[in-house]
Amino acid sequence: MPYSPLIWAIDYVFDQSFSPKNLRRITEIENRRGSNKSLEFFPSVLVATEELKDCIRATKHFRATHKHKYSVADQAIFDALKEDRENARKARDQELLSCLAKVSDEISKKSFRISIRRVGGPSGKPVYVVPETPVDAYAQSYYAIKQIANNISRIYKVRQANRNQIVTQLSDCLSDGFPYHVVKLDVQEFYESVDHSVLLTKLKSDQLLSATTMRLIERLLWDYAEVAGTPGRGLPRGVGLSAILSELYMRDFDDRISTLEEVAFCARYVDDIIVLFAPTKGSTTDDYRKAVVEELRRKRLVVNASKSTQAPPATELTYLGYKFRNVRSTSCTVLMSDAKFQKYKKRLDACFTRYNRQRATKSKKAYRLLVKRVQYLTGNTQLTHSKQNAFVGIYFSNPHLTDLSQLERLDDALATHIRKQTHSANLRAKLQQYSFQKGYSERIFRRFHRQDEFEEITKAWKYGQ
């Protein structure tokens with residue numbers, strides 16, 4: 001692909017290369033997000049990091065045990081410890097750059113391809129992952145994907161819509177009492193339907209991405225289509241780069257919808273689309289719906305009829321995990337969607353089912369886990385071992401509720417379980433402290449420190465009944 005003056009200008013201000021320096025920047029960004037993959041990829045970096053930690057601990061210990069003013073001898077020891085620490089830091093950084101240089105060399109070869117493998121996913125849909133073995137190939141694919149995503153994000157300013165912002169804006173619109181025509185559509189097999197020729201034609205005509213970036217994207221799409229058996233179509237669901245490519249693919253669709261006549265509000269979260277039209281005389285919801293469907297056809301996408309609203313809602317609308325009630329009045333309220341409410345209900349049921357199966361042989365463990373699981377369901381916490389260190393819980397997963405009646409029903413269900421399925425007065429007293437409504441209203445925060453604690457707590461959900 002020939003370079004245009006525009007590409008030279010972009011390369012001048014933004015380095016798109018897969019250089020050790022850029023890969024190091026990716027490492028630092030991911031470390032701040034709680035994902036320190038370099039220690040997993042490079043054993044020598046892990047050793048150097050442990051040596052640096054030892055030096056840091058030695059410096060801190062010296063400070064803790066020498067709180068008085070340092071003597072000349074103390075100062076000399078402390079200076080030597082600081083020098084050891086800085087030398088260890090430099091050694092760690094140098095080792096990391098050395099390892100990243102090898103990764104960079106491999107990615108830059110014209111024969112390099114990102115490795116993906118198909119595995120089973122939820123609801124029977126296949127998902128794709130980067131194989132974790134061999135480790136060298138895993139590291140190369142990991143860094144290639146991250147750098148490509150970084151290049152696209154910085155050049156095109158692409159990012160996924162903010163879910164909370166959409167819900168807030170939609171709630172405001174539905175509460176103003178205006179009789180909007182509401183079109184809610186779900187795209188059928190969204191990732192699997194993205195047309196490669198449309199996407200690649202856009203990228204090539206823009207001439208904004210480097211030749212290496214384009215080559216790797218084209219090969220990833222080709223390899224996916226080979227594995228999936230869908231020539232010329234689809235993005236690998238589960239691979240992080242697919243999300244940003246799909247957003248770029250849909251950008252002109254979003255722009256076209258926002259400029260349709262009478263549009264008062266429009267939003268898309270991945271494949272869930274909602275548009276509010278301020279109706280004109282003689283207009284119908286079906287007319288507006290056809291206009292949106294036609295724009296989807298331009299992108300060679302098909303509507304999932306089973307998940308799409310065919311007519312304007314009389315009183316209720318469900319979107320992004322929330323149920324909006326009284327949508328044609330100024331008293332619109334926001335609840336959890338029925339599906340999300342049932343998920344909480346089933347998880348609560350599973351807590352006690354699992355407890356009763358375990359308590360006969362492992363009574364202490366069953367007691368402890370039941371308490372932990374109820375604490376988790378009724379409170380809020382931070383996923384400190386996840387990539388995003390996200391806040392989750394009864395409030396943080398449902399921050400837009402204006403009607404807490406469902407939480408009252410969950411508290412009633414919890415009280416019934418405690419009364420009927422616990423045989424220890426001590427356990428009953430312990431569990432009666434917890435409340436969904438209180439956890440939400442007071443935003444009660446609980447910490448779960450052990451790395452394997454979440455897996456142990458959530459295991460009950462997998463067993464179901």
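The values are calculated or read from the model by the stated rules, or taken from the named source; none is laboratory data. This one's a predicted model, so the numbers in the text were calculated from it and none came from an experiment. Every residue, glycine as well, gets a Cβ built from its backbone with ideal geometry; the counts of neighbours run over all protein chains shown. Only protein heavy atoms, including side chains, enter the accessible area calculation; ligands, DNA and RNA are left aside. Shrake-Rupley method; radii C 1.70, N 1.55, O 1.52, S 1.80 Å.
Key figures
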| quantity | calculated |
| --- | --- |
| Gain upon complete extension [residue 331, residue 117; 0.36 nm per residue less C-alpha separation] | 72.1 nm |
| ³J(HN,Hα), Karplus 6.51/-1.76/1.60, whole Hz, each residue of the range 20-25, x for Gly, Pro | x, 5, 5, 5, 5, 5 |
| For the chain: accessible area per residue (Å², 1.4 Å) | 52 Å² |
| Largest-first ordering by accessible area, 1.4 Å probe, given options 381, 458 | 458, 381 |
| Using θ = phi - 60° and Karplus 6.51 cos²θ - 1.76 cosθ + 1.60, couplings along the range 176-190 (whole Hz; Gly, Pro as x) | 8, x, 7, x, 5, 8, 10, 10, 10, 10, 10, 7, 6, 6, 4 |
| Per-residue SASA entry for residue 47, accessible area with 1.4 Å probe, Å² rounded to 10 | 80 Å² |
| Karplus-derived HN-Hα couplings along the range 420-428 (A = 6.51, B = -1.76, C = 1.60, θ = phi - 60°), whole Hz, x at Gly and Pro | 9, 10, 10, 10, 10, 4, 5, 5, 4 |
| Where a label projected 7 Å from the Cα of residue 66 along Cα→Cβ would reach, residues of the range 76-119 with amide N under 14 Å | 76-85 |
| For the range 182-285: span of alpha carbons on each principal axis (Å, largest first) | 52, 29, 20 |
| Built amide H within the under 5 Å cut-off of residue 446, gap 5+ | 380, 381 |
| Linear extension gain, residue 86 paired with residue 165, 0.36 nm per residue minus alpha-carbon span | 24.0 nm |
| Hydrodynamic radius of the range 163-240 per Kirkwood, over alpha carbon pairs, in Å | 15.6 Å |
| Relative compactness, the chain, computed as alpha-carbon Rg over 2.2 N^0.38 Å | 1.20 |
| Per-selection metrics, the range 238-289 (Cα): Rg and Dmax in Å | 13.7, 47 |
| Extension gain, residue 293 back to residue 98 (0.36 nm per residue minus Cα-Cα distance, nm) | 65.0 nm |
| Rounded to whole Å, sorted largest first: equivalent-ellipsoid semi-axes of the range 333-419, Cα gyration tensor | 25, 18, 9 |
| Sequence-distant residues sharing a close amide H with residue 336 (under 5 Å, placed H) | 323 |
| Test item: Cα-centred dipole of the range 12-149, Lys/Arg +1 and Asp/Glu -1 on Cβ, debye | 540 debye |
| Equivalent ellipsoid semi-axes, the range 317-378, via Cα gyration tensor eigenvalues times 5, rooted, Å | 37, 10, 7 |
| Computed FRET value (nearest 0.05) for residue 195 with residue 283, which takes r as the C-beta separation and R₀ as 35 Å | 0.65 |
| Nearest-0.05 FRET efficiency for residue 207 and residue 105, computed from C-beta distance (R0 30 Å) | 0.70 |
| Cα-only Debye scattering, the range 28-169: base-10 log of I(q)/I(0) at q = 0.17 Å⁻¹ | -1.05 |
| Whole-angstrom Cα spans of the range 103-175 along principal axes, big to small | 56, 36, 16 |
| Order of exposure, largest accessible area first, which applies to 205, 258 with probe 1.4 Å | 205, 258 |
| Unit charges on C-beta of K, R, D, E only; dipole of the chain, Debye | 2000 debye |
